[in-house]
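To start, the structure under review is shown below, and the notes come after it.
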Amino acid sequence: MSLRLTEADLAKIQAKFKKNTTSHLIDTSQGVAKERAKKSKYGNVKTEVEGIEFSSSKEAKRYKDLRLLENAGVIQKLKRQVRFSLEVNGVHICDYICDFTYQQKGFVCEDAKGYRTKDYKMKARLMLAIHQIKILET
């Protein structure tokens, strides 16, 4: 038994194939195809504020709030993406990168959290045990 395709059937198959192979592309107003941004695992949306790219809109919003507090004199020495080495008995285990650090009646390490992963929970416990720093989650 032989299978014969009509031109209409062939056109449908080609259209379906073309649709499936270009689903990662989006059309722009200039007629140039750009790759669609891959959806984030945790639903965060990269956001830019003052020329700085943040991992999430929540982190960007918190940065704007902290900048206002710094300008008002409520907090001092605001820093972003501060790296802490986590070592046990002289062995480097990992690094923890804090979203923000600042001074407000003492040192504050703050993380804008949406979802608390197992890795984050472990690093937060290590930060407390090694550096005696409790992370403020916002």
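The values are calculated or read from the model by the stated rules, or taken from the named source; none is laboratory data. Note that the structure is a prediction, hence the values are computed from the model and not measured. Reconstructed Cβ throughout: ideal geometry from the backbone, glycine too, with neighbour counts over all protein chains shown.
Quick notes on this one:
- Yes/no for GLN76 being more than 26 Å from LYS46 (Cβ to Cβ) and of a type outside the set (A, V, I, L, M): yes
- Tally, over the stretch 84-138, of residues that are hydroxyl-bearing (Ser, Thr, Tyr) and assigned to a strand (DSSP E or B): 4
- THR138 being polar (S, T, N, Q), in contact with a helix residue (DSSP H, G or I) (Cβ under 6 Å, 6 or more places away or on another chain) and touching a residue at least 24 places away in the same chain (Cβ under 8 Å): yes
- Lone qualifier among TYR102, TYR115 - being under 23 Å from SER55 (Cα atoms) and either touching a His at 6+ places or on another chain (Cβ under 6 Å) or exposed (fewer than 14 other Cβ atoms within 10 Å of the Cβ) (or both): TYR115
- Remark: pairs (first residue in the stretch 47-74, in contact (Cβ under 8 Å) with a residue 24 or more places away in the chain; second residue surrounded by 12 or more Cβ atoms within 10 Å (Cβ to Cβ) and in a helix (DSSP H, G or I); Cβ separation under 9 Å; 6+ apart in sequence or on different chains) = ILE52/ALA60; ILE52/TYR63.
- Only residues that are modelled with pLDDT of 90 or more, under 16 Å from the mean Cα position of the chain (by Cα) and either not in a strand (DSSP E or B) or not β-branched (Val, Ile, Thr) (or both) were counted across the stretch 61-82, and they come to 2.
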